[in-house]
Structures are given as C-alpha cells and as structure tokens.
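Novice: Before I ask anything, here is the structure I am working with.
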C-alpha cells in the first residue's frame, strides 16, 4: 500500500451532493481540497492557480454534458504533467479510456463513481495517481482485455495469472495485488514474473513501469 | 421549361399603383349594405386596381402558355404527315431499283411509331414541367401558392425511368389540367380582349376629328370597333360615342371576367396541379411520424439524463457515505450495527449497478458523442470477440443513431445467445443518404425472424423510419444481418 501523505486536491463535479461528499471524504483522510468546482473551465483555471498533486474530475459536466471533463483532463495532462488526473464517471467508455491513456498512462486514473463507496481502495487509487501511478477501473481493464488483439498470448496464462494481470493493469502494486487476492507477496511476485515471461514483456522492479508495459501490451 | 424568363420582368414591371389599392372583398361589399353609390364607385375603380391588373396580366400570359398544349396534337398528327411527305419525295424515279422504297417505308414507319410512342410516354414529365410553370405564374401574379406534387420516383436504368414516368400519377393529373384548362384559356383570352379592345374603343371620339375631317360629301368606309357581339361599324362622329360606350362597358366588365376565369383556373390548379390528396396525406403522415420518432428518442435521452443527474448521483452519494460510516465504525462497533451498515453499503452498490444497466438500456450516454464511441463500449463489453469498423463521415439524426445502436446491441446479444460464433464483425458505414449497419458472425446460422421475437421487433423498429432489415442466415451459418436506415428520420 502507498504510504499515506496529505495531498492537495482539486475536485470538479457538477452534482453538488456528490461534490460535497467527496470533499468531506478527502478531508477525512487528511487531504486538502484546495478547490471544488462544477465545470471543466473552472477545473483548468483551478489547476493553473493551485498546481495540485491530483485533480478528481467528472467526465460529464456542463454545458454539453458529454465529455468535457475528459477533454479538460487531456489538456491538463499536456499542460500540467506533474498533476495526476483521476476521472470519475457513471459509465466506463472504451473510447474515453483509450483517449485518456493515449501516450502516457502515468498519473492517470479512470474509475466508476461506485468505487468511491469503497473508501480505502479509492483513497489508495487517488494516492497512486497523485504519485504518478495508474488507477483503472476493473471494468476498463476487462474491456481492454476483451478488446485486445493479443488473445493468443492471454490464452497462455493460467486463470490465476489472468487475475493477477487484471489487477496489475488496474495499477496496483505487488502488495496491493497480494492484499486483494489474499496471498503472500512472494506468491504474487512469482505470478508476475511468469506473466511477464509468457507475454514477452521486460522484467521490471518498478510497479509503475510494469503497469505501463502491461497496458501498452493490451492496447496494442 | 422555364417560366422565370417571362415571369420575372413582368413581376418587376408590376403596374404602378394607379388604382386606390386593393378593392374590398365580396364580404365587405355586402357589408356596405348594397349602397348603390358604393357599388358604383367600386365598379368604376375595379378596372384600375392592382389586383385587376395582375389578373389581366395573368390572363395575357396564360393564353400562350395554355395553348402550348396544342403543340402536342399537332406533333402527333404532323409527324406522320411530314414523314409520309418525305417518303413520297424519296421515291426514286422509275427505272431504278424498286426494292429501295419498299424497304424504306417500314423503317420510316417504325421511326414515326417510336417517336409517337416516346412522346406519349414522356407526357407526364412534359406535363409536370408545364404544370410547374402555371403554378409559378399563379404564385407570382395571383398569390395562389400551391405546393408541388412529390418528385417523380427514381427508377433504376432506362426501363425503371420509363416505368416511373408512365406510373407518375401527378404527371398525368398535370396533363389532365392542361386539357381541361383549354376552355378556361379561351375565357382568359376573352378577358384580355375585353380590357384591350375596351381601352381601344374608348379612344374613338378623340382621334375621329383629327383624321376624319374630310369635306362633306366624301364617302368613306366605316371604321369598325370590336365588341364581344361583333364589330360595330362607325361611320360618323356621333357613332364614335357608341364605340366609346361599348368600350366603357367592356372595360368595366373586364375585371369581373378576369376574376371569374382566374378563379376557375385557380380551382383547377388546386385540384390537379397540387400534390394530390393521397400524396399530401402521405407527406403529412411521414412528417408527423418523423416527429414522433425524434420525440421518443429525445424523451429517452432526457430520461437517462434525469436518472444520471438525480437517482444515480444520490445513490452514489449514499454508497459513499455508507462507506465512510463503515470505516468509522471500526472493529469496536456492535456487530449487529456493523452488519446492518455492511448490508446497506452492499445494497447501495448493487442498486447502482442495476440503475446503470437500466440507464444504459434507456439511452447509452456515449451516443451523444457519436455511434463510434457508443459501439466501441458495446463491442468491448461483448462476450464474443467483436471486430468493429465505423465509417460515418456525417453524423445521422440522433433518433437514427439510437435505432442503429440498439439494432447492433440486439444483434450482438442474439449472436452471443444463439450463434455459437467465435467472432462477430460489426460494420457501420454512412453512404450518401443512408446509414448501413451490418452484423455478421461465423456461427451456426438458422436465425429466423418468425421464431424469435427479437428480430421481428428489430424489423418493426427499423421500419418506423422506412429502414430495411435483411437477414441471411442459412442453417449451418454464417449469419449476416444488414440494416439500412435513412440519415434523417
């Protein structure tokens, strides 16, 4: 698990109820919400002003209620690469995930709003994104796996290895995977090594780089 | 056939407002209580109103336009005549080969027959053109705006083109108008004559003394003045007053004659040059149906938006709060309370999933950014691998996108349930005015709309916008379903 540290956070969410809930949740966890806004333009302005560790943004916001949050996020990735961007949405859309992950998946997250209900996991995901890691919803990962052109490579994995791969793609560390599967870290390490060999990916100690390799593999 | 040529300059050279504006309608006249003075004033003014001048102008132009149709029988009769004359001239002098003319006549006869047949077959199209000219003239000069008939159906190839022409009801009705209108054309000629000759007759007393001032005793031929009852022979100066009176009477009668014939012509045009009652009804139904289809798509979109902004966000907030409560309870709390909170937390999360699926079934939100985005998620969520290609250069109407999306979803679900396929291919292509969706799989085939309600339901849905659904699914496979939709509902 990532060590808890106080993060400076900007929130963009047009539903007042949910926005206020988020502010409270983050404050509860010891983070500092420097701005909580309701649309994409205000998000861009707030990030430019506060230079936060991470921005949490809804995808569907006024005025068109389609993907303005996503477009703002892509702009943030370009102009403020040090700020992590965690997208929250009621739906997971394959194309949106692809656009968000295009180029560089470091410091990016895409979760269903439901995941906020599992407070500890959400806090962990936020910390990962703030630290330059990745946090993808299990649904994003399952869509990536299904849509992947490497069906043969994936078929070579055992069911357990496939579970580990999915958790890796979500952006979790070895310790996080071990906790989720209720196994020891050593077992996870063995699975990870085996997966990387079967898929022909370079072994890597750093969690982040390994995640990126897996995502590139699935997305290519 | 172009009418803009003759009509434009005429409209531009609209008679200056010599009369005191538009005359009152019949109702106003009646309201005047039949006051003789008012009636007289109106009768005297009538020839000089803008309306009368426009109607007279209409009559003047309608005469040659209406008589155009006579070119048709002349052509029908004249063609064989001309050919027979040519043939007779072509008979070579005696002594030359006799087989030549014998061979020539059937050929020429064939040519004539072909030309006549072609002319007859083209009648609807020619009549449509002439009808349009009449309609435009009436719109310009009489303010009688008649909607045109629906365009002639497009046939494929020469045979289809000819078939569409021959079956063109609106074209034949226009031809009927041109024929029935002939007596009205004579009336129009009369109205124009009333005005022109009436005006001429008025001038007799003024020029008579200038030109007829011969010494007494000189015998001159009488001058004739034209009236509807024949020529009036004027031999003396007092006689010119009779011509003047006849002219005044004709000029006063001209507006009413023009009004009567133009009214008759309008009535004929409305009946025969309009879209026709059935075609109008079809057009109305098409329009209202398109509105209904678009409305229902918009309603579903609004419903999804309301769910998204209302119930879904509330439930997500409840789940978040329960999650926080669960953490705060910690290990020390009463196990019964913990269990209750856990159950509520899990229940809220489950309800969120249900609600999300429901909302997606009502209207997938990604559809607002286009078919490609929405179908990508659909394809990625499928149990069978899907190969998706979307090439839609111009976005269709929202209602059409919705129908296409749900067709793809239903067909994909069908393939997953029944086909035992290893792979599904979804293609979407925008071609001109249609949107094509094709879902094919490598499964065992045998899809039959008569057995499953899914396919027949799809067919009904597609037909609400005049779309088309084609199923090719032989037993043993593969299955290919092609949906064609118009780009607009």
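The values are calculated or read from the model by the stated rules, or taken from the named source; none is laboratory data. The shown structure was predicted, so the numbers you read here are calculated from the model rather than taken from an experiment. Cβ sites come from the backbone with ideal geometry, for glycine too, and all protein chains shown count toward neighbours.
Novice: If I filter the range B:476-487 for residues that are within 26 Å of the chain's Cα centre (by Cα) and assigned to a loop (DSSP other than H, G, I, E, B), do I get at least one hit?
Specialist: yes
Novice: Another question about this same structure. If a residue must be in contact with a strand residue (DSSP E or B) (Cβ under 8 Å, 6 or more places away or on another chain) and under 15 Å from residue A:139 (Cβ atoms), how many such residues does the range B:357-377 contain?
Specialist: Summing the residues that are in contact with a strand residue (DSSP E or B) (Cβ under 8 Å, 6 or more places away or on another chain) and under 15 Å from residue A:139 (Cβ atoms) in the range B:357-377 gives 1.
Novice: Follow-up question, since we're still on this one. Could you check the range B:434-456 and list, in sequence order, the residues that are at pLDDT 90 or above and under 33 Å from the mean Cα position of the chain (by Cα)?
Specialist: B:434, B:435, B:436, B:437, B:438
Novice: Just for helices (runs of 4 or more DSSP H) wholly inside the range A:1-120: which have at least 1 residues that are closer than 23 Å to residue A:168 by Cβ and within 14 Å of chain B (Cβ to nearest Cβ)?
Specialist: A:94-101
Novice: Continuing with the same structure: Run residue B:354 past the list (1) within 60 Å of the chain's Cα centre (by Cα); (2) at the interface with another protein chain (Cβ under 8 Å from one of its Cβ atoms) and report the number of the one that doesn't hold.
Specialist: Among (1) within 60 Å of the chain's Cα centre (by Cα); (2) at the interface with another protein chain (Cβ under 8 Å from one of its Cβ atoms), residue B:354 violates only (2).
Novice: Just need a number here: residues in the range B:143-165 that are assigned to a helix (DSSP H, G or I) and in contact (Cβ under 8 Å) with a residue 24 or more places away in the chain.
Specialist: Residues meeting the conditions: 2.
Novice: With B:139, B:82, B:132 as the choices, which residue is modelled with pLDDT under 85 and assigned by TED's automatic domain parsing to the domain that holds residue B:55?
Specialist: Only one candidate qualifies: B:82.
Novice: Which one of B:354, B:350 is closer than 23 Å to residue B:416 by Cβ and at pLDDT 95 or above?
Specialist: One residue alone meets the criteria, B:354.
Novice: When the residues of the range B:306-318 are filtered to those that are under 21 Å from residue B:362 (Cβ atoms) and in contact (Cβ under 8 Å) with a residue 12 or more places away in the chain, which remaining residue is farthest from the other protein chains (Cβ to nearest Cβ)?
Specialist: Checked the range B:306-318; the qualifying residue farthest from the other protein chains (Cβ to nearest Cβ) is B:311.
Novice: Kindly check whether there is at least one residue in the range B:381-391 that is assigned to a helix (DSSP H, G or I), within 36 Å of the chain's Cα centre (by Cα) and within 12 Å of chain A (Cβ to nearest Cβ).
Specialist: No: the range B:381-391 contains no residue that is assigned to a helix (DSSP H, G or I), within 36 Å of the chain's Cα centre (by Cα) and within 12 Å of chain A (Cβ to nearest Cβ).
Novice: Scan the range A:123-140 for residues that are part of a helix (DSSP H, G or I), within 14 Å of chain B (Cβ to nearest Cβ) and touching a residue at least 40 places away in the same chain (Cβ under 8 Å) and report the count.
Specialist: Adding up the residues that qualify gives 6.
Novice: Restricting to the range B:467-481, name every residue that is out of contact with any helix residue (DSSP H, G or I) (no Cβ under 8 Å at 6 or more places or on another chain) and farther than 18 Å from residue B:413 by Cα.
Specialist: Within the range B:467-481, B:474, B:475, B:476 meet the criteria.
Novice: Please go through the range B:361-373 and pick out each residue that is crowded, with 20+ Cβ neighbours inside 10 Å and more than 7 Å from every other protein chain (Cβ to nearest Cβ).
Specialist: Passing the criteria: B:363, B:364, B:367, B:371.
Novice: Only residues that are farther than 16 Å from residue B:190 by Cα, touching a helix residue (DSSP H, G or I) at 6+ places or on another chain (Cβ under 7 Å) and surrounded by 14 or more Cβ atoms within 10 Å (Cβ to Cβ): list them for the range B:226-245, please.
Specialist: B:232, B:234, B:240, B:241, B:243, B:244
Novice: Considering each residue of the range B:409-426, count those that are within 14 Å of chain A (Cβ to nearest Cβ), under 16 Å from residue B:372 (Cβ atoms) and in a helix (DSSP H, G or I), and give that number.
Specialist: 1
Novice: Something else now. Kindly indicate which of B:376, B:325 is over 23 Å from residue A:71 (Cβ atoms) and either facing another protein chain (nearest Cβ under 9 Å) or in a helix (DSSP H, G or I) (or both).
Specialist: B:325
Novice: Then there's this: Give me the helices (runs of 4 or more DSSP H) completely within the range A:141-185, filtered to those with at least 3 residues that are within 14 Å of another protein chain (Cβ to nearest Cβ) and surrounded by fewer than 21 Cβ atoms within 10 Å (Cβ to Cβ), ordered by residue number.
Specialist: Hits in the range A:141-185: A:151-155.
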